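Below: the structure, in structure tokens.
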Amino acid sequence: MAKRMGLMAARPAMLMAMLAVPGVALAHGAPTTALAKRCPALAGARFAPADGGRPVQILAARLVPASAAAPAVQGETMPALPAHCQVTGVIDPRTGAHGKPYGIRFEVNLPLAWNGRFLLQGGGGLNGMVRPAVGSDAAGTVPALARGFAVASHDSGHQGAVFDAAFRADQRATLDFAQAAVPAVAQLGKAIAARFYGRAPSRSYMAGCSTGGRETMLAMERYPTLFDGLVIGAPAMRTGFSNLGTSYAKVMFNQAAPRDPQGLPMPDKAFSPADRKTIRDGLLAQCDALDGRADGMIMAVAQCHFRPAALQCREGQQSGCLSAGQVNALTRAFAGPRDAAGHPLYAPVPFDTGVVDTAGPISGYIADGRSDILGPPNRDLAIDLDARAAVIRADWMQALTDTDGWTDLGTFLGHQGKVLFYHGVSDPWFSALDTLDYWQRAGKSNGAAWAQGSRFYMVPGMAHCRGGDAFDRFDLLGAVVDWVEQGKAPAGVVATRSAGTAARPLCPWPSYARYRGGDPALAESYSCADAGAGGTDGGG
């Protein structure tokens, strides 16, 4: 297939030939030659105003030849993509606050061999750019576009760096980021697909991680009939309080750090490399073998109740242990912040192998003193949690953006909508236990319908959305499609590492991948074992 796609890229005339993509049907049987000729005409097409009567401007429509798989700049393989019509445009182009241009910029990729499905791709950070609309989140090694989905992406209504919040000066841009861009682009994307193929999509899906996960949650909660199936990863569902939890943890670590001559903590020295090894070794000693095999992976997340106190130095012990201050810092930081009345402000954070990591672009949850998305190294020794919480609660843009509260999903579940959640246990930004808490609260709100329409997957060792010492490639997109269209409720989903061929089943909560014997590199050597209804306390 890759060789043939390469030939098609080299010979544009061959784009007029039919693509033999298994399981893909063409709109009304139209040959790809007709669709290829139809593509440029979309540049001059007029579309009805988007959500709220906002004008739509198509900027370009061009035929993109098929491409073969190729290594990307950062080592990730770029998948082979089929020939497709790429439509770009903007919803409600205007000049806004401070004379800056605003509008919801979008991209819609329409494969010439279409499977009848539409996917809206979630964003990341504070958005600000239109990412290539290929649909790779939780799609394993074959993104949605390569499967024949029509895929749309957008910048959520402003342009800027990924964590640039300057757009908040503009009311309309703020509202677009908080929620309005999702229905606007979803509805327009479907309309563009219908115009191109001559019929509307038969099924619609959305998938995203981090901010994309939050956007997918808000679609489920506030626009429950837009999509048939959803995949939600590590959602940034209440960033005010998750950032507060991270800040609180850093202050706890600072209290255990040595001081400089000015009396300020030195965050990079709170836990030495030897201390981090002690933590990881102690964590593995307490939890690794719970899944049937001691291999450096903690698969039995619900059964792991790590106790930092077990690592505290005994009298006369000088190495391979932690000080009382370090143990106290770990216990308090991972338990999460509480207000003066003792009510939790953010969820506990699970202990996992990645919490000590310093090799990635950001450290694990045990901070190493580097700058991060929250700014320069935190050197505070105290934090007023009640005051910080009051500021967060008074931010109404934050309140509108957050998606952690609404759990009445009767309309979404009522039209047989299906949703899969996943979260890396070693995520240093958002606690996997916070997402689990939402999922469990939604279960209480929706009863049996939730069990018939949703699953949650913990991903041991995985950092934020991907990476870490983890089996972080898995196809939940295919799983939700099979559930929506064939009624096949997902169980274990095969997960692989980004490099190599080793595989494990990714199991729905609260089950976990338990080793049963045989070649440990094969997924069939494991089964999803039931861990019971209990959860992990995360704090020790």
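Listed by chain and number, the aspartates and glutamates placed with their C-alpha closer than 19 angstrom to that of residue 444 are 221, 404, 408, 434; residues fewer than eight positions away on the same chain are left out. Per residue, the chain reaches -8000 deg cm²/dmol at 222 nm when only DSSP H runs of four or more residues are counted, each adding -39500 (n - 2.57).
Taking amide H positions as modeled 1.01 Å from N, with prolines and chain starts lacking one, the residues under 5 Å from residue 468 and 5 or more places away or on another chain are 463.
Computed from Cα atoms, the angle from the helix 324-335 axis to the main principal axis of the chain rounds to 30 degrees. Between the alpha-carbon centres of segment 172-237 and segment 94-148 there is a gap of 10 Å. In terms of distances greater than 28 angstrom between alpha carbons, the cross-link table entries 37/100; 37/190; 190/488 yield 37/100. Label sites at residue 100 and residue 437, each approximated as a point 7 angstrom past Cα along Cα to Cβ, lie 3.2 nm apart. Under 18 Å of direct C-alpha separation, and excluding same-chain neighbours fewer than eight residues apart, residue 250 reaches these lysines: 269.
How big is the convex hull of the Cα atoms of the chain, per residue, in Å³?
Cα convex hull per residue, to the nearest whole number: 163 Å³.
Helix 273-287 axis versus longest C-alpha principal axis of the chain: approximately 80°, rounded to the nearest ten. Subtracting the Cα-Cα distance of residue 415 and residue 45 from their residue separation scaled by 0.36 nm leaves 130.0 nm.
Using the Cβ-Cβ distance between residue 452 and residue 264 with R0 = 60 Å, the FRET efficiency computed as 1/(1 + (r/R0)^6) comes to roughly 0.65. Between helix 432-446 and the chain there is an angle of about 60 degrees, using the helix long axis and the longest principal axis of the Cα atoms. On the beta carbon distance between residue 499 and residue 340, with R0 = 51 Å, the FRET formula returns roughly 0.60.
Only bridges whose two residues both fall in the chain count here: according to DSSP, what percent of them are antiparallel, nearest 5? Each step should come with its number before you reach the end.
Numbers: 42 of 67 bridges.
Here the antiparallel bridges make up roughly 65 percent for the chain.
Can you give the extra length, in nm with one decimal, that the chain gains between residue 399 and residue 445 once fully stretched, where that is 0.36 nm per residue apart less the Cα-Cα distance?
Values: separation 46, 0.36 × 46 = 16.56 nm, distance 2.08 nm.
Computed gain between residue 399 and residue 445 is 14.5 nm.
Cut-off under 12 Å on the C-alpha distance; same-chain residues fewer than 8 positions from residue 277 excluded. Which aspartates and glutamates are left, in chain and number order? Here the aspartates and glutamates satisfying the reach criterion relative to residue 277 are 357. When both segment 248-323 and segment 467-492 are represented by their alpha-carbon centers, they are found 33 Å apart. In this label model, residue 323 and residue 488 are separated by 5.6 nm, measuring between points 7 Å along each Cα→Cβ vector. Solvent-accessible surface of segment 234-381, averaged per residue with a 1.4 angstrom probe and all protein chains in place: 43 square angstrom. Solvent-accessible area of residue 343, all protein chains in place: 110 Å² (probe radius 1.4 Å, heavy atoms, ligands and nucleic acids excluded).
Residues whose amide H falls under 5 Å from that of residue 312, counting only those 5 or more places apart or on a different chain, are 322, with hydrogens built in the peptide plane.
The values are calculated or read from the model by the stated rules, or taken from the named source; none is laboratory data. On a predicted model such as this, the values are computed, not experimentally measured, just so you know. For neighbour counting, all protein chains shown are included, and Cβ atoms are generated from backbone atoms with ideal geometry for every residue, glycine included. Areas reflect the complete protein model, heavy atoms only, side chains present, ligands, DNA and RNA absent. Shrake-Rupley method; radii C 1.70, N 1.55, O 1.52, S 1.80 Å.
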